[in-house]
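*Asks:* Got a structure here, written out as structure tokens. Questions coming.
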């Protein structure tokens, strides 16, 4: 279950009500991340180790003690990161660009997430701006 859900589906036990982490790239922000962003906003996530870039949606909130949240299985796959929930993932080395106010608080489909995130990333300044921020 994710904090972002389809309110038009009243069945709280229906998995289709929630964002499917196996198929939808999403990020999980810590509570501090919601000072500017909100559930349903778009993000771009970059794996500088291999240069892979993926669009994502903010779909959940993590524990307060975590500095940064997590990513879904689909996001890990898109970034070339081991997506096994038990043994996969990485502790650091992934860059997040979040676009506050870019969403509508609703789950979105894969195509819309990819196109909106790509458009926002280019407007923000793309890889050139990201590299200048990481120096």
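*Asks:* Could you look through segment 115-132, keep only residues that are within 21 Å of residue 49 (Cα to Cα) and in contact (Cβ under 8 Å) with a residue 12 or more places away in the chain, and pick out the one that is surrounded by the most Cβ atoms within 10 Å (Cβ to Cβ)?
*Replies:* This residue is 117.
The rows are residues; the columns are (1) touching a helix residue (DSSP H, G or I) at 6+ places or on another chain (Cβ under 9 Å); (2) assigned to a loop (DSSP other than H, G, I, E, B); (3) over 24 Å from residue 6 (Cα atoms); (4) modelled with pLDDT of 95 or more.
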{"residue": "34", "(1), (2), (3), (4)": "no, no, no, no"}
{"residue": "45", "(1), (2), (3), (4)": "yes, no, no, yes"}
{"residue": "55", "(1), (2), (3), (4)": "yes, no, no, yes"}
{"residue": "80", "(1), (2), (3), (4)": "no, yes, yes, yes"}
{"residue": "87", "(1), (2), (3), (4)": "no, yes, yes, no"}
{"residue": "113", "(1), (2), (3), (4)": "no, no, no, yes"}
{"residue": "116", "(1), (2), (3), (4)": "no, no, no, yes"}
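*Asks:* Cβ-Cβ under 6 Å, sequence separation 6+ or interchain: first residue in segment 59-75 and without any contact (Cβ under 8 Å) to a residue 60 or more places away in the chain and at negative phi, partner surrounded by fewer than 16 Cβ atoms within 10 Å (Cβ to Cβ) and in a strand (DSSP E or B). Which pairs?
*Replies:* Close Cβ pairs satisfying both conditions: none exist.
*Asks:* If you don't mind, there's one more thing I want to ask. Which of the numbered conditions does residue 95 fail, given that it passes all the others? Conditions: (1) at pLDDT 95 or above; (2) surrounded by fewer than 17 Cβ atoms within 10 Å (Cβ to Cβ); (3) in contact with a strand residue (DSSP E or B) (Cβ under 6 Å, 6 or more places away or on another chain).
*Replies:* (1)
The values are calculated or read from the model by the stated rules, or taken from the named source; none is laboratory data. Just so you know, these numbers come straight off a predicted model, no measurement behind them. Ideal geometry is used to build each Cβ from the backbone, glycine not excepted, and the neighbour counts take in all protein chains shown.
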